[in-house]
Amino acid sequence: VIGLIVCFVKRGYSRLQLFDVPVQFVGELARGLSIVAFIACMVALTVFTIVVVITRFYKGLIGQEGYLMHTLPAKPWQLITSRGIAAFITIVISSIVALISFGCLDGFSLFKDMAELIGSLFDAFNKELKRLSKEIKIYRR
């Protein structure tokens, strides 16, 4: 509902009156509430990710699943490393979801800026590699 109100306000329905309250006020209120809801969702996503990572790490190594895991022919550091890698992947996926949602909120201009930044970093990296390859050829002669 809040998203629809924001869409109506953004599209220029400024003459529409709801309960004798100017639409600009309703739009600002809707924007404010949607930002608060978005921040609450991001906090919930972060907390949920941390809880899931800790719970899966605990259950997978110490809980009943851990009993089965310790029967594998692997060293303890390998078991911990495998759980750490799984936790890292979970956090990366959660971060990607958060970035996509920020991009949706920003109208995807964030992604355009990031693409330009990454492109310029690759260009700089390629120039530096070419320079280093020329210096290595000079040293070999």
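Per-structure values
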quantity: Cubic angstrom per residue, convex hull over Cα atoms of the range 27-68; calculated: 40 Å³
quantity: Exposure of Thr55 as accessible area (Å², to 10), given a probe of 1.4 Å and all protein chains; calculated: 50 Å²
quantity: Rounded percent of accessible protein surface that carbon and sulfur make up, the range 27-124, 1.4 Å probe; calculated: 78 percent
quantity: Separation of the Glu135 and Glu116 label points, Cα + 7 Å toward Cβ, nm; calculated: 3.0 nm
quantity: Cβ-Cβ FRET estimate between Tyr58 and Ile100, R0 fixed at 30 Å, reported to 0.05; calculated: 0.55
quantity: Rounded FRET efficiency, nearest 0.05, which uses the C-beta distance separating Ile39 from Phe88 and R0 of 25 Å; calculated: 0.50
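The values are calculated or read from the model by the stated rules, or taken from the named source; none is laboratory data. Quantities reported herein were computed from a predicted structural model and do not represent experimental measurements. Cβ atoms come from the backbone with ideal geometry, glycine included; neighbour counts cover every protein chain shown. Areas reflect the complete protein model, heavy atoms only, side chains present, ligands, DNA and RNA absent. Shrake-Rupley method; radii C 1.70, N 1.55, O 1.52, S 1.80 Å.
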